[in-house]
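Here the structure is laid out as structure tokens; the discussion comes afterwards.
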Amino acid sequence: MATLYEFYQVADDYIGMFSQYVYQTFTIGTTGANNAFNVYSVKCKFQNWGGGGGTITAAIKATSAGVPTGSALCSGTILENTISGEQVKEIIMTTNPSLSPSTKYAIQLHITADGVNVMRKHGSATYSGGNEGYGDGASSWTPDSDDIYFEVWGNPAGVTLTPTALAITTLMPTIIHATIHAETIPLNSTMQIISPTFRINQPLGTIQIGTGTIGSHFIATDYPIVEGLIAGTTKQTINPNLEIS
């Protein structure tokens, strides 16, 4: 799930986008965590006053002298007719570049048909990490002092998942299925306990976890009697063989 990294969520006015490109610069760490992250989406607040025949494209660009510059680092597009009234709308990026801490970037917005405006805070904007502006989408830009409502969402950059070793605890197993003295215990038969321990057809060693075969299971040579079994008693078996579990 994406995380909100940088934002300015105030709007009381609008700016038209049809005949111009509109941008909002922002600096990582101004209102959100000052960490590198991979961009996932941009959210802006739009006003649909009768549009519906075009698309809205949001792009993230680097900045120079406080305005957008160069090619888009990433972009995404939505249809104008998906906006109803005044609505915050998410535009998911088609690629996910990493943005750097304490660095200024620009959100650039453009529509292909009239009828939709982008909402902003006019006259007394308070976002200190950037500002709104407009221009030709290339090299001619006019900054102003307002701020567009925006949210930049992403995921942590360069995260490496390190597996954690699990501690293995050896518990006293219950005898359910095994071969004793290389002899298989028949179904519903009884097992005579003749000593506090019994020997299973393996040399001295430790319990080995594996598939094994019917009638045998690899365990230590000398194995303690469990389930309260006492030398000289009998135990009813319910399976054709005993198994260690």
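Bear in mind that the values in this text are calculations on the coordinates, not laboratory data. Computed from a predicted structure; not experimentally measured. We place every Cβ from the backbone using ideal geometry, glycine too, and count neighbours over all the protein chains shown.
What to note about this one:
- Contour excess over end-to-end distance, with Cα ends at VAL88 and PHE18 and 0.36 nm allotted per residue: 23.3 nm
- Modelled this way, with points 7 Å down the Cα-to-C-beta line, the labels at ALA157 and SER140 are 3.3 nm from one another.
- Calculated from backbone phi, Karplus (6.51, -1.76, 1.60) coupling profile of the range 80-85 in Hz, x at Gly/Pro: 4, 6, 8, 9, 10, x
- The H on the amide N of ASN131, modeled in the peptide plane, is under 5 Å from the matching H of THR25, each at least 5 residues off or on a different chain.
- Net lengthening on full extension, LYS104/ASN35 (0.36 nm per residue, minus Cα-Cα): 23.6 nm
- Packing, taken as the mean count of other beta carbons within 10 Å per residue, orders the peptides 74-87, 6-19 from highest to lowest as 6-19, 74-87.
- Set of lysines near LYS89 by C-alpha distance (under 20 Å), chain-local residues within fewer than 8 positions excluded: LYS43, LYS45, LYS61, LYS121
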